1. State the number of residues belonging to region 2-31 that are loosely packed, with under 12 Cβ neighbours inside 10 Å and at pLDDT 75 or above.
2. Please go through region 77-96 and pick out each residue that is in a helix (DSSP H, G or I) and surrounded by 15 or more Cβ atoms within 10 Å (Cβ to Cβ).
3. Kindly establish whether Thr70 is within 18 Å of Trp27 (Cβ to Cβ), in contact with a Pro (Cβ under 8 Å, 6 or more places away or on another chain), assigned by TED's automatic domain parsing to the domain that holds Leu22 and at pLDDT 95 or above.
Amino acid sequence: MQRRTKRPDGKKIRDKLLFLNLFPKTWQQSPEFRQMWSDWIQHRKEIGHKPTKKSTERQCKKLTACGLDTALDMINQSIENGWCGIFPYKESSNSTKGSQQASSFQKDKAIDIGFQSSPNKDRF
């Protein structure tokens with residue numbers, strides 16, 4: 001069931017909770033999920049990818065298989081990254097970022113050392 005309301009000029013507009021009825025009843029009644037789904041629909045409209053029933057059915061299947069908490073994380077991740085689809089949630093760990101930064105720093109340092117120890121500095 002798609003909820004529609006009328007604008008003052010008489011034209012129909014879609015509700016922010018478009019296709020909410022495809023999800024389990026417990027999810028439909030969850031204020032957190034209702035807000036997150038509303039945000040997701042708004043995000044899709046803003047980036048020019050209007051949600052369709054078919055795409056929402058597939059998103060619903062993917063999200064319900066993961067559970068409510070993970071689904072909320074997945075939707076939030078997609079909005080934060082500006083994605084037009086919903087993908088498995090990836091936790092960002094500080095240790096991974098730290099090791100990547102250290103690795104990058106070490107590579108930069110190795111390059112600097114290589115240039116400094118080169119006997120033919122004039123070639124570069």
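The values are calculated or read from the model by the stated rules, or taken from the named source; none is laboratory data. Bear in mind the structure is a predicted one, so any value in this text is a computation, not a measurement. Because the Cβ atoms are built from the backbone with ideal geometry, glycine has one as well, and the counts that use them run over all protein chains shown.
1. 4
2. Correct list: Gln77, Ser78, Ile79.
3. no
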